[in-house]
1. Please work out how much length the chain gains when fully extended from residue 36 to residue 56, using 0.36 nm per residue of separation minus the C-alpha to C-alpha distance, in nm with one decimal.
2. Just the C-alpha atoms of the chain: what Rg/Rh do they give, with Rh taken as the Kirkwood radius?
3. Mind checking the angle between helix 45-78 and the chain's longest principal axis? C-alpha axes, 0 to 90 degrees, to the nearest 10.
4. Give me the percent relative contact order of the chain, please, defined on Cα pairs under 8 angstrom at least 6 residues apart.
5. Helix-derived [θ] at 222 nm for the chain: sum -39500 (n - 2.57) over DSSP H runs of at least 4, divide by residue count, nearest 500?
6. Helix 23-39 versus the longest principal axis of the chain: what angle, 0 to 90°, nearest 10, using Cα atoms?
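FYI, it's all coordinate maths here, none of it is from the lab. Remember, it's a predicted structure, so these values are computed and weren't measured experimentally.
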């Protein structure tokens with residue numbers, strides 16, 4: 001379990017498909033769905049922890065990219 005695609009494939013095994021149109025929203029909904037699958041007892045704790053770490057990493061990356069894009073667009077407007 002190393003990539004967001006891996007987490008998507010894991011959730012798909014339980015019939016959960018996520019596509020909201022924005023990557024950050026997808027990650028947040030996948031986190032919620034992963035939690036539901038885990039609390040239902042359908043997922044091993046080791047796999048859950050790995051998938052949760054992937055989602056956390058990807059969410060942090062998306063937030064950094066949004067911040068970077070927001071800052072760079074603000075500089076263009078200042079000119």
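1. Length difference between fully extended and current span is 5.6 nm.
2. 1.13
3. 10
4. Across the chain, relative contact order equals 36 percent.
5. Mean residue ellipticity at 222 nm (helix-derived): -26000 deg cm²/dmol.
6. Value to nearest ten degrees: 20.
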